[in-house]
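**Student:** Before I ask anything, let me first share the structure, which is written out below as structure tokens.
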Amino acid sequence: MNSSVSVLLFGITRDLTGQSTIPVSLNEGANVGDLLAQLHQSYPALTGIRSLLVAVNGEYAETDLTLTSNDEIALIPPVSGG
Amino acid sequence: MNSSVSVLLFGITRDLTGQSTIPVSLNEGANVGDLLAQLHQSYPALTGIRSLLVAVNGEYAETDLTLTSNDEIALIPPVSGG
Amino acid sequence: MITLTSDPIDVALAMKDIQSEQAGAIDIFLGVVRDNTQERPVDRLEYEAYDRMAISEMQKIADSAHTRWPILRYTIIHRKGTLQIGEIAVLIGVATAHRADAFEACRYIIDTIKQTVPIWKKEVFTNGEEWVNAHP
Amino acid sequence: MITLTSDPIDVALAMKDIQSEQAGAIDIFLGVVRDNTQERPVDRLEYEAYDRMAISEMQKIADSAHTRWPILRYTIIHRKGTLQIGEIAVLIGVATAHRADAFEACRYIIDTIKQTVPIWKKEVFTNGEEWVNAHP
């Protein structure tokens, strides 16, 4: 069973992909690591970023966190606030 | 040969002596240490202060600095600015 | 108080937020847009935030500072949008009874903001632009 | 700039004094009259200065800070006279390119002011008064 999630993009990731959200189709039980692998495959330009974290529902997520279709998912490139 | 100087007082020293300047008569060649000794003798209450420095012409002075009648002399009790 | 705003940051208003009769020390840190980065002239900065998470991460930092130092009042204000040279990008204000705590807490907050809060800044130069920290 | 004044300290005005297009960081420290000393309620503070020397000693501290940190602009304002609770007794503002320098220089200046500048403060309590630090 597949589910579809929207991934929010900011800063450099939005510029590289030209999009502020990317729809991603996930396999049942897919985790954050799977999502990142899939995104890197679809958008090879993302590989050029120094680091890429994932936030799920507004919290930094480990790569083994399982995703569900209700999650709010965001890519977090290196932050530079302040 | 004696010379007379005025000593400026601030804070606790002014309160203890009840004066904002004290005239002091100094012997020729008297230094800062001599002045302090003389003041302590005339105003025993000054002994109760935690520390007492002397400024000459707006600069902290060592006890061996020789005083002259043209010097601006001030007693500096422990500072508490800020 | 945590604020993420597109409006210019008002220092006098921020001061009022952190006043306290018990406060003996207030430290206010301002991050300001400067006119160059490594001697390359900057025209302006553009800040972008993942709002919801930026606010919650700033709140975590404030809570953590509260457990480490006896903070009476604090305010953290982060700007977003386009900022011109001289404008304030971030203001951290901390009021404590004694000064060491105010300095240390204020510095901890700004240092940690720069590490964890999902806000991004793009430097716009006269000849190009660049997301800060994005590339290796 | 060094200022010793009987007038209330205006933070917004002080900010203008230290603005610089090269500044990326500004740290402002405020020493404020708090309502108690070691839990004894304070009514007000009275500050007295040996003006000429207070100014020259503050200038020495500023000059020394300048040799240690790359300071773009600074302001040191010390109040004298009678201060009520909540009023600002001292303001140190330092503008630098990078934040570590602003924090360190600001802290150095206030720490050193408290050690060397001939300014004295009397705490007036509801039941008595005391020159701070005067007695062993």
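The values are calculated or read from the model by the stated rules, or taken from the named source; none is laboratory data. None of the values given here were measured: they were computed from a predicted structure. Virtual Cβ from ideal backbone geometry, glycine too; neighbours counted across all protein chains shown. Protein only, heavy atoms only, side chains kept; ligands, DNA and RNA dropped before computing areas. Shrake-Rupley method; radii C 1.70, N 1.55, O 1.52, S 1.80 Å.
**Student:** In the list D:Arg44, D:Arg99, which residue meets the criterion of being more than 13 Å from chain B (Cβ to nearest Cβ), charged (D, E, K, R) and touching a helix residue (DSSP H, G or I) at 6+ places or on another chain (Cβ under 7 Å)? Let's see the steps before the verdict.
**Tutor:** Values: D:Arg44 fails: touching a helix residue (DSSP H, G or I) at 6+ places or on another chain (Cβ under 7 Å).
None of the others qualify; the one that does is D:Arg99.
**Student:** Tell me, which residue of the stretch D:118-130 that is open to solvent by 20 Å² or more (accessible area, probe 1.4 Å) and out of contact with any Phe, Trp or Tyr (no Cβ under 6 Å at 6 or more places or on another chain) is farthest from the other protein chains (Cβ to nearest Cβ)?
**Tutor:** D:Asn127
**Student:** For the stretch B:29-57, what are the residues that are within 14 Å of another protein chain (Cβ to nearest Cβ), closer than 21 Å to B:Thr17 by Cβ and part of a loop (DSSP other than H, G, I, E, B)? Steps first, please.
**Tutor:** We begin by selecting, within the stretch B:29-57, every residue within 14 Å of another protein chain (Cβ to nearest Cβ); these are B:45-57.
After this cut, where a residue has to be closer than 21 Å to B:Thr17 by Cβ as well, the list is B:45-56.
B:Ile49, B:Arg50, B:Ser51, B:Leu52, listed by residue number.
**Student:** Kindly indicate which of D:Ala65, D:Ala49, D:Ala25 is among the small types (Gly, Ala, Ser) and farther than 29 Å from B:Tyr60 by Cβ. Talk me through it step by step, then tell me what you get.
**Tutor:** Details: D:Ala65 fails: farther than 29 Å from B:Tyr60 by Cβ; D:Ala49 fails: farther than 29 Å from B:Tyr60 by Cβ.
Among D:Ala65, D:Ala49, D:Ala25, only D:Ala25 is among the small types (Gly, Ala, Ser) and farther than 29 Å from B:Tyr60 by Cβ.
**Student:** Within the set of pairs 6+ apart or on separate chains, which have a first residue in the stretch C:1-30 that is closer than 11 Å to C:Val94 by Cα and open to solvent by 50 Å² or more (accessible area, probe 1.4 Å), a second that is at pLDDT below 95 and in a helix (DSSP H, G or I), and C-beta atoms under 7 Å apart?
**Tutor:** Cβ pairs passing all conditions: C:Met1/C:Asp17.
**Student:** A further question on this structure: Which of the residues that make up the stretch C:107-117 are within 8 Å of another protein chain (Cβ to nearest Cβ), under 14 Å from C:Phe29 (Cα atoms) and in contact with a helix residue (DSSP H, G or I) (Cβ under 7 Å, 6 or more places away or on another chain)?
**Tutor:** Result: C:Arg107, C:Ile110, C:Ile113.
Residue-by-condition table, conditions (1) at pLDDT 95 or above; (2) among the aliphatic types (A, V, I, L, M); (3) surrounded by fewer than 21 Cβ atoms within 10 Å (Cβ to Cβ):
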| position | (1), (2), (3) |
| --- | --- |
| B:Leu16 | no, yes, yes |
| B:Glu28 | no, no, yes |
| B:Ala45 | no, yes, yes |
| B:Arg50 | no, no, yes |
| B:Val54 | yes, yes, no |
| B:Gly58 | yes, no, yes |
| B:Leu65 | yes, yes, yes |
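**Student:** Sticking with this one: Identify all residues within the stretch C:107-117 that are open to solvent by 10 Å² or more (accessible area, probe 1.4 Å) and touching a residue at least 12 places away in the same chain (Cβ under 8 Å); write none if there are none. First the steps, then the outcome.
**Tutor:** Of all residues in the stretch C:107-117, those open to solvent by 10 Å² or more (accessible area, probe 1.4 Å) come to C:107-108, C:111-112, C:114-116.
Within the stretch C:107-117, C:Arg107, C:Tyr108, C:Thr112, C:Thr116 qualify.
**Student:** Using the structure shown, decide if D:Val42 is surrounded by fewer than 22 Cβ atoms within 10 Å (Cβ to Cβ), among the β-branched types (Val, Ile, Thr), modelled with pLDDT under 95 and touching a strand residue (DSSP E or B) at 6+ places or on another chain (Cβ under 6 Å). Before the answer, list the steps.
**Tutor:** Numbers: surrounded by fewer than 22 Cβ atoms within 10 Å (Cβ to Cβ): yes; among the β-branched types (Val, Ile, Thr): yes; modelled with pLDDT under 95: yes; touching a strand residue (DSSP E or B) at 6+ places or on another chain (Cβ under 6 Å): yes.
Here the answer is yes, as D:Val42 does meet what is asked.
**Student:** Separate question: Would you mind listing the strands (runs of 3 or more DSSP E) fully within the stretch C:1-115 where at least 2 residues are closer than 19 Å to D:Ile110 by Cβ?
**Tutor:** Working: elements: C:2-5, C:25-32, C:40-49, C:71-79, C:81-84, C:88-96.
Ranges flagged: C:25-32, C:71-79, C:88-96.
**Student:** A further question on this structure: Taking only pairs six or more apart or across chains, which ones have beta-carbon atoms under 6 Å, a first residue in the stretch C:54-77 that is over 19 Å from C:Arg99 (Cβ atoms) and free of Cβ contacts under 8 Å to residues at least 12 places away in the same chain, and a second residue that is surrounded by fewer than 22 Cβ atoms within 10 Å (Cβ to Cβ) and not β-branched (Val, Ile, Thr)?
**Tutor:** Every condition considered, the pairs that remain are C:Ser56/A:Gly58.
**Student:** Residues of the stretch A:5-14 being within 12 Å of the chain's Cα centre (by Cα) and open to solvent by less than 10 Å² (accessible area, probe 1.4 Å), which ones? Break it down stepwise before answering.
**Tutor:** Step one: filter the stretch A:5-14 for residues within 12 Å of the chain's Cα centre (by Cα), giving A:5-10, A:13-14.
Across the stretch A:5-14, the qualifying residues are A:Val5, A:Val7, A:Leu9, A:Thr13.
**Student:** Looking only at the stretch D:1-45, filter to residues that are of a type in the set (Gly, Ala, Ser) and within 23 Å of D:Leu72 (Cβ to Cβ); which one of those is nearest to the chain's Cα centre (by Cα)? Steps first, answer last, please.
**Tutor:** Going residue by residue through the stretch D:1-45, those that are of a type in the set (Gly, Ala, Ser) are D:6, D:12, D:14, D:20, D:23-25, D:31.
Imposing the further condition that a residue be within 23 Å of D:Leu72 (Cβ to Cβ) reduces the set to D:12, D:14, D:20, D:23-25, D:31.
Values: D:Ala12: 16, D:Ala14: 12, D:Ser20: 21, D:Ala23: 21, D:Gly24: 22, D:Ala25: 19, D:Gly31: 6 Å.
So, considering only residues that are of a type in the set (Gly, Ala, Ser) and within 23 Å of D:Leu72 (Cβ to Cβ), the one nearest to the chain's Cα centre (by Cα) is D:Gly31.
**Student:** Just one of C:Ile88, C:Ile77, C:Ile55, C:Ile61 is hydrophobic (A, V, I, L, M, F, W, C), buried (at least 17 other Cβ atoms within 10 Å of the Cβ), within 13 Å of chain D (Cβ to nearest Cβ) and more than 28 Å from D:Gln84 (Cα to Cα); which is it? Steps first, answer last, please.
**Tutor:** Details: C:Ile77 fails: within 13 Å of chain D (Cβ to nearest Cβ); C:Ile55 fails: within 13 Å of chain D (Cβ to nearest Cβ); C:Ile61 fails: within 13 Å of chain D (Cβ to nearest Cβ).
Unique residue meeting the criteria: C:Ile88.
**Student:** Let me ask something else. Condition first: aliphatic (A, V, I, L, M) and more than 30 Å from B:Thr13 (Cα to Cα). Can you find one or more residues in the stretch D:31-38 that meet it?
**Tutor:** Kept after step one, since they are aliphatic (A, V, I, L, M), are these residues of the stretch D:31-38: D:32-33.
Restricting the remaining residues to those that are more than 30 Å from B:Thr13 (Cα to Cα) gives none.
Checking the stretch D:31-38: not a single residue is aliphatic (A, V, I, L, M) and more than 30 Å from B:Thr13 (Cα to Cα).
**Student:** Additional query: Which numbered condition in (1) more than 16 Å from the chain's Cα centre (by Cα); (2) among the aliphatic types (A, V, I, L, M); (3) closer than 21 Å to D:Ser20 by Cβ is the only one that D:Ala62 fails?
**Tutor:** In the conditions (1) more than 16 Å from the chain's Cα centre (by Cα); (2) among the aliphatic types (A, V, I, L, M); (3) closer than 21 Å to D:Ser20 by Cβ, D:Ala62 misses (1) alone.
**Student:** Restricting to the stretch A:67-79, and then to whatever is over 19 Å from A:Ile12 (Cα atoms) and either within 14 Å of chain C (Cβ to nearest Cβ) or not in a loop (DSSP other than H, G, I, E, B) (or both), can you tell me which residue is least open to solvent (accessible area, probe 1.4 Å)? Talk me through it step by step, then tell me what you get.
**Tutor:** Going residue by residue through the stretch A:67-79, those that are over 19 Å from A:Ile12 (Cα atoms) are A:67-72.
Imposing the further condition that a residue be either within 14 Å of chain C (Cβ to nearest Cβ) or not in a loop (DSSP other than H, G, I, E, B) (or both) reduces the set to A:71-72.
Numbers: A:Asp71: 28, A:Glu72: 62 Å².
It comes out as A:Asp71.
**Student:** Would you mind stating whether C:Glu104 is over 12 Å from the mean Cα position of the chain (by Cα), within 10 Å of chain A (Cβ to nearest Cβ) and either touching a residue at least 24 places away in the same chain (Cβ under 8 Å) or open to solvent by less than 40 Å² (accessible area, probe 1.4 Å) (or both)?
**Tutor:** Numbers: over 12 Å from the mean Cα position of the chain (by Cα): yes; within 10 Å of chain A (Cβ to nearest Cβ): no; either touching a residue at least 24 places away in the same chain (Cβ under 8 Å) or open to solvent by less than 40 Å² (accessible area, probe 1.4 Å) (or both): yes.
For C:Glu104, the condition - over 12 Å from the mean Cα position of the chain (by Cα), within 10 Å of chain A (Cβ to nearest Cβ) and either touching a residue at least 24 places away in the same chain (Cβ under 8 Å) or open to solvent by less than 40 Å² (accessible area, probe 1.4 Å) (or both) - is not met.
**Student:** Here's something else I'd like to know. Of (1) in contact with a Pro (Cβ under 8 Å, 6 or more places away or on another chain); (2) at pLDDT 95 or above, C:Thr126 satisfies all except one. Which?
**Tutor:** (2)
**Student:** Of all residues being more than 16 Å from C:Glu48 (Cα to Cα) and part of a strand (DSSP E or B) in the stretch A:1-14, which is modelled with the lowest pLDDT? Just the residue, please.
**Tutor:** Taking the stretch A:1-14 and keeping what is more than 16 Å from C:Glu48 (Cα to Cα), we get A:1-7.
If we keep only those that are part of a strand (DSSP E or B) as well, we get A:2-7.
Details: A:Asn2: 74, A:Ser3: 80, A:Ser4: 87, A:Val5: 91, A:Ser6: 94, A:Val7: 97.
Checking each candidate, the answer is A:Asn2.
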